[in-house]
1. What is the dipole size for the chain, taken about its Cα centre, with +1 at each Lys and Arg Cβ and -1 at each Asp and Glu Cβ, in debye to the nearest 20?
2. Just list whichever of Lys87/Lys128; Lys18/Lys182; Lys128/Lys171; Lys18/Lys94 have alpha carbons separated by over 29 Å in the model shown.
3. With a sphere of radius 12 Å drawn around the Cβ of His206, what net charge do the other residues whose Cβ falls strictly inside it have (Lys, Arg +1; Asp, Glu -1)?
4. Determine ³J(HN,Hα), in whole Hz, for all residues of segment 147-153 in sequence, where each value follows from phi through the Karplus function 6.51 cos²θ - 1.76 cosθ + 1.60 and θ = phi - 60°; x replaces Gly and Pro.
5. Give me Asp114, Asp49 sorted ascending by neighbouring Cβ count inside 10 Å, so fewest comes first.
6. Can you compute the helix-only [θ] at 222 nm over the chain? Use -39500 (n - 2.57) per DSSP H run of at least 4 residues, normalise by all residues, nearest 500 deg cm²/dmol.
7. Report, as a whole number in µm² per second, the diffusion coefficient that Stokes-Einstein gives for segment 125-201 at 10 °C and 1.306 mPa s using the Kirkwood radius over alpha carbon pairs.
8. Length gain on complete extension for the stretch Lys53 to Ser12, per 0.36 nm per residue less the alpha carbon to alpha carbon distance?
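None of the figures in this text is laboratory data; all of them are computed from the coordinates on show. Since the model is a prediction, treat every value here as computed from it, not as a measurement. Quick reminder, even Gly has a Cβ in these numbers, built from the backbone with ideal geometry, and neighbours come from all protein chains shown.
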Amino acid sequence: MNAAFILQELLSVANPEKAKFLQGFFKTGKGEYAEGDVMLGIVVPNIRDIVKKSPDLPFAEIQVLLDSAYHEARLAGLLLLVKQFKKAEPEAKKAIFDFYLKNARKANNWDLVDVTCRDVIGAYLLEKEDRGILYRLAESDNLWEQRIAIVATWTFIKHKQFDDTLAIAEKLLSHKHDLIHKAVGWMLREVGKKDREPLVGFLEKHHKNMPRTALRYAIEHFSPEEKACYMKR
């Protein structure tokens, strides 16, 4: 099995009508955040099924997928990294982590980031003291690397480790892009699901200066009265 096989499998289940819809949904038009991306119109479960057929694809073949113009091919490449990471030995995990980082800008849409970075970047860093790479990604000039920085902390949140999420969220509060506002608010909301106190502390400090989208996402599970209070303030 190789990258050509996976590409052939993807093309065999392409859906032009759905692809047309996805081109709009994922903002691929001129001047939009995913300008020029090409959709095949394949749902994620189908991509996962195709990936299962070639779980041990080497990096060189995965690179072919990540270099593809097709959105779903890049997703397949990233899902292969997730799959390999979960069963890898420590040394191999480091190699997968490094390979993902090298190709971080190939995860150039929010779905590519959201369904993969937590299971490679977040999972690798979970037991590490040095998580400085996330802060460097947050300071990147690339939207997708910045989104990886905050969304990867979802893995930490699940283990009730909130400090990096809160620090990176604070670092990204002045970001101009709505996709970062949504990601920051989403991760803050996840913190609140595990422990409401650190979320409330963050909101008390920052709610007046937060983008409204981030604030709305963060307080999604608050009572109507609490929501109204924060939005008014």
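1. Details: 37 positive and 33 negative charges, 113 e Å.
My answer is approximately 540 debye.
2. Exceeds cut-off: Lys18/Lys94.
3. On the way: positive: Lys171, Lys205, Lys208, Arg233; negative: Glu170, Glu204.
Summing Lys/Arg as +1 and Asp/Glu as -1 gives +2.
4. Per-residue couplings from phi come out as 5, 4, 4, 8, 5, 4, 6 Hz.
5. On the way: Asp114 16, Asp49 12.
Ascending Cβ contact count within 10 Å gives the list Asp49, Asp114.
6. Mean residue ellipticity at 222 nm (helix-derived): -18000 deg cm²/dmol.
7. 129 µm²/s
8. Extending this stretch completely gives an extra 13.3 nm.
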